[in-house]
1. Would you mind calculating the gained length between residue 94 and residue 113 on full extension (0.36 nm times residue separation, minus the Cα-Cα distance), in nm to one decimal?
2. Given H placed on each backbone N at 1.01 Å, which residues far from residue 12 in sequence or on other chains put an amide H within less than 5 Å of it?
3. In terms of solvent-accessible area of protein heavy atoms at a 1.4 angstrom probe, what is the ranking of 5, 36, highest value first?
4. When the Karplus curve 6.51 cos²θ - 1.76 cosθ + 1.60 is applied with θ = phi - 60°, which whole-Hz ³J(HN,Hα) does each residue of the range 47-63 get, with x for Gly and Pro?
5. Can you give me the long-range amide H partners of residue 3? Hydrogens built in the peptide plane at 1.01 Å from N, cutoff under 5 Å, separation of 5 or more residues or another chain.
Amino acid sequence: MTKVDVPLYRLAHARAGDKGNRSNIALICRDPAFYDTIAEQMTAERVAAHLAARQPRKVTRYELPKLAAFNFVLDDVLEGGVNASLGLDGHGKALSFFLLTARVIVDAVLLGQMPAAAPELLHELEK
């Protein structure tokens, strides 16, 4: 079985929200077939390590299998929150985009079964 290393954004998209010093990132699979692959690789620990520069105190992962999605809650990651931080991205929106740069290993056959609406993913098979 051939495996392919791809950026997470090839398999999912994300949305972010914030409240005070807490950010939450919804990670939604582009196809439900990717749910198990992402569940296995994008653990709370892996997300915390990927976002280590922001020093989250705690990362909690909530699984939403019927939606083929996950919700990651990151505590103490927004430098005090929107009103307290001088950071450029006080709302944490960029965190969702940065999370999507994480690399995941996916079965080439699974990647090749992407719907026609996402043909740009097929070029990953040629690598």
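The values are calculated or read from the model by the stated rules, or taken from the named source; none is laboratory data. These numbers were taken from a predicted model, which means no experiment stands behind them. Side chains are part of the model used for accessible areas, which takes the heavy atoms of the whole protein and leaves out ligands, DNA and RNA. Shrake-Rupley method; radii C 1.70, N 1.55, O 1.52, S 1.80 Å.
1. Between residue 94 and residue 113, full extension yields an extra 3.9 nm.
2. 30
3. 36, 5
4. These are the phi-based 3J(HN,Hα) values: 5, 4, 5, 5, 9, 4, 4, 8, 6, x, 5, 7, 10, 10, 9, 10, 9 Hz.
5. Amide H neighbours of residue 3, under 5 Å, 5+ apart: 108.
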